[in-house]
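Okay, so here's the structure we're looking at.
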Amino acid sequence: MRWKGRRKSSNVQDRRGQATGQRQFRMPGRSGGRGRVGGVFAIIAIVVALLLGVDPTQILNLVGGAEAVLPAPPEAPSASRDVGSDEGAQRAAVVLASTEDAWNEVFQGAGSRYRPPQMVLFTDAVDSACGFTSSATGPFYCPGDNQVYLDLGFFRELARMGGSGDFATAYVIAHEVGHHIQNLTGVHDQVRQLRSRIGQAESNALSVRVELQADCYAGIWAFHAARDGDFLETGDLEEGLRAAAAIGDDRLQKMAGRRVQPESFTHGSSEQRQEWFTRGLRSGDFATCDTFN
Ligand SMILES: [Zn+2]
């Protein structure tokens, strides 16, 4: 991918290295170095509370009004700062810009206007309208605040699983943007309503359809990117396909040493993920991404 020198999206918030919003214990009435002692004291209070089987916040309140470990409310977009100058962040901003160009065109073609998502870069854990989430969850999209959340460390993990290369990272971002498209088109809401009425197995099957559609939308982005001058290089699309295969449910279950259980799939098999990415890529057409019918 020849991404250097291309437009970078202004919809990126770099929150890396910021406090996660997991509040620190504070002991009112004590200051300076003793505040840190409060942290240890609070941990002891929690251990005691767990031994006694009571809510730790009760004990903490008893011992001096310390605040419990609760996720802070999501940070306002104004909390953003300039995107870091490191390659990972810069490339992510270029890829996001490229998805904006692609979806602008698709929405305009349908006589409507595209409202792009924000992308939040974070490390370790992050607060969002979807709650307090650890990096271990992987990149995710939160429909409640229209934001894509990404810890760039995930791409090291993806490379370890066989999805290396910069186009692989682009595929992941484009997939998350695909979930944003589902939010804009109302698919997200429809699925949420359906989910409340069905059992676990059906709910899993529904998840697979949602995820494969996001893969197909990533393919639509790739279709547009491939037509965008010399942006893509030979081998990029193969990288995308390898990445799609690397995070197929069957592959992940095998890697975890488990039996492959299709009924527990939530994202689709490697083959299905490649297939739907390819459908979007070949057609560039929204209508080919109907995974529900
Ligand atoms: Zn997804």
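The values are calculated or read from the model by the stated rules, or taken from the named source; none is laboratory data. From a predicted model like this one, the values you see are computed outputs, not experimental measurements. Counting neighbours? That spans all protein chains shown, and the Cβs are built from the backbone with ideal geometry, glycine included. In case anyone asks, the SASA skips ligands and DNA or RNA and just uses the protein heavy atoms, side chains included. Shrake-Rupley method; radii C 1.70, N 1.55, O 1.52, S 1.80 Å.
Values computed for the structure shown
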read-out	value
Environment charge of residue 289, counting only residues whose C-beta is closer than 10 Å and scoring Lys/Arg +1, Asp/Glu -1	-2
Dipole moment magnitude, nearest 20 debye, region 196-293 about Cα centre, only Lys, Arg, Asp, Glu C-beta charged	440 debye
Heavy atoms of residue 285 accessible to a 1.4 Å probe, total area in Å² rounded to 10	70 Å²
Lys, Arg +1 and Asp, Glu -1 on Cβ, resulting dipole of region 82-194 about Cα centre, debye, nearest 20	320 debye
Whole-angstrom gap from region 158-191 to region 108-127, using each part's C-alpha centre	11 Å
Charge tally in the Cβ shell below 13 Å around residue 105, where Lys, Arg are +1 and Asp, Glu are -1, residue 105 excluded	-2
Within region 97-166, trypsin sites (Lys or Arg not before Pro) in DSSP loop having at most 10 other beta-carbon neighbours inside 10 Å	113
Viscosity 1.306 mPa s, 10 °C: Kirkwood-radius Stokes-Einstein D of region 154-277 over Cα pairs, µm²/s	106 µm²/s
Prolate/oblate/rounded label for region 199-271 (Cα gyration tensor, a/c 1.5)	oblate
Trypsin sites (Lys or Arg not before Pro) lying in DSSP loop within region 214-260, provided at most 16 other Cβ fall within 10 Å	227, 258, 259
